[in-house]
Every structure is written in C-alpha cells, then in structure tokens.
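Student: Structure in structure tokens, see below.
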Amino acid sequence: MAANDTIENRGSVPCLVIENLSIDFGGLRAVNGVNLTVQPGERRVLMGPNGAGKTTLFNLVSGIYPPSEGRILFFDKDVTGLPTFRRAALGMARTYQITNLFPKLTVAENILMACQALERTKFVMFRRLSSYHRLLDRCDNLLKEFDLWEKRNELVKNLSHGYQRQIEVAMALAEKPRLLLLDEPAAGLSSAETHALTLLLKKLDPSITVLLIEHDMDVAFEFAEKITVLYQGKFLTEGTKEEVKSNPTVQEIYLGAE
C-alpha cells in the first residue's frame, strides 16, 4: 500500500455501512444494534468468541436473513430489502464456514460455473459453456492466480480441505466482487495450508474490499488493517491490531486472559 493510501482517503463513499443492525430469533437477539463502516479497499477482520454474532452479521449483509431493525448501505445504496442475488449482482460475494462446492465436478468446472454466475449466458441452453472464450480466459487466470492450474482437471472431492478452501475463494472472486465476505476461510486447515491461504489473501486485488471472519489470531493479525470485535451480538471495540491486542476487555473475553 502506498504511504498516502490510507483507509481514510480511499474514497468519500464507504463500501459498506451498517446502521443499528439487529436480528431476533424468537426471544434471542443474535445481533444487537451493530454499527460498522468499511472503506473501499479496506482489509477488515471481525473477531469474537463463538456466539458473538459474526456469521449472523454476514448473513444479514449478504441478504440471507432480513434484519429486525437497522439498515445496510452498499456504496451508498440501501440494500436492506434486496434479495441475495441482487446484492451479488451489485458486487457482493462470500464464502461460508462449510465448504460449498460441486464435489463431482473438476476444479476448472467449478470455477468456470462461478465465472458464468452473473452473466446473461447462464440462460443460454443450446451452447456449451466451454465455447465462451472470455469466460474460459477468466477461469484460466484464476486457476493460475490461486496455484490451481496443475489441479484443474481433478475432481474437487479428491482434493484436500486446503485446496477446497482455495477453490472457494477463487470462485467468489470469479464474480469480480467489490466486497468479498470470507467466513473463517482457514477453519480446519493445517499450519502449512493456513500459511498458503494467508499468502493468497494478501495478494488479492487491493481494490476489492475484504471483510474477514477469523478465529486464527495469526491469520487475523497478519491480514487486518483494522479489527472489529463483537461480543454477545454487540459491538465491543475496534481499532488497529495493536490496539485490539492491548485492549484488556478483549484479552479477558476473547484471549482468555485473567
């Protein structure tokens, strides 16, 4: 990042603004009055213990759940009432805690389908997907970018969990998002796989805003420019990794300090 390319001067319109966002499941308020602003190109990490409301917040942002209160602005457009596919068309993409792939298709077929997901060509039934050279080029570029070229013809079900995580991130990027929501991409990975994934994430296009949920402290602190901490569905604190590390409340409830 250039010295003058701070988070504050990346653009006058934030990528994502969450205002007083809440959701109730029966008598449980899973997310409670959360406010959050993420600037274009920012690398933001959401942290907090299990049950803090992080994935539920992602589900609200991406349109899986409608909020009970509050609103969501995406580049100054109110998307609170829009369905998931409309938000995807505007430039939101996400991954999930549980890998969501087509296990009986090859790596290349998975990524090629993702490349077509927001294209009008998906409605054409009489032409092979492989005949769209622009989509094939996009697929090939992603395979090379994510070091998956040698695996392109292998069935996804035969690959390690680490490779499957890489494929899932590549598929999310196939949609050319402006905002990428990553839900614990390092979950279940070995140390070597986590290191490889972290390197890939750090090489992502700097114009893409990334909001990352991560329990792995090393991944979170290495990737984040700014960290937001949730606790019991509420905003707790936010700041640089140094500020969050030194926060006594975070140390007590998240790091287990006494």
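Student: May I ask you to list the residues in region 199-244 that are modelled with pLDDT under 85 and basic (Lys, Arg)?
Tutor: Passing the criteria: none in range.
Student: I'm told His215 meets every condition in (1) buried (at least 16 other Cβ atoms within 10 Å of the Cβ); (2) closer than 18 Å to Asn59 by Cβ except one. Can you identify the failing condition by its number?
Tutor: Every condition holds for His215 apart from (1).
Conditions (1) closer than 23 Å to Leu112 by Cα; (2) assigned by TED's automatic domain parsing to the domain that holds Cys15, marked per residue:
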position: Leu155; (1), (2): yes, no
position: Tyr163; (1), (2): yes, no
position: Ala170; (1), (2): yes, no
position: Ala186; (1), (2): no, yes
position: Ala192; (1), (2): no, yes
position: Leu197; (1), (2): yes, yes
position: Leu200; (1), (2): yes, yes
position: Lys203; (1), (2): yes, yes
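Student: If you don't mind, another one. Could you please find all residues in region 46-81 being part of a loop (DSSP other than H, G, I, E, B) and either under 17 Å from the mean Cα position of the chain (by Cα) or within 15 Å of Leu181 (Cα to Cα) (or both)?
Tutor: Those that are part of a loop (DSSP other than H, G, I, E, B) and either under 17 Å from the mean Cα position of the chain (by Cα) or within 15 Å of Leu181 (Cα to Cα) (or both): Gly48, Gly53, Gly63, Ile64, Tyr65, Phe75.
Student: All but one of (1) farther than 26 Å from Lys104 by Cβ; (2) in contact (Cβ under 8 Å) with a residue 60 or more places away in the chain; (3) surrounded by 17 or more Cβ atoms within 10 Å (Cβ to Cβ) hold for Lys176; which doesn't?
Tutor: (3)
Student: Name the single residue, out of those in region 226-240 being buried (at least 18 other Cβ atoms within 10 Å of the Cβ) and not polar (S, T, N, Q), that is nearest to Arg44 (Cα to Cα).
Tutor: Taking the candidates together, the pick is Ile227.
The values are calculated or read from the model by the stated rules, or taken from the named source; none is laboratory data. Predicted model only: the values in this text are computed from it and were never measured. We place every Cβ from the backbone using ideal geometry, glycine too, and count neighbours over all the protein chains shown.
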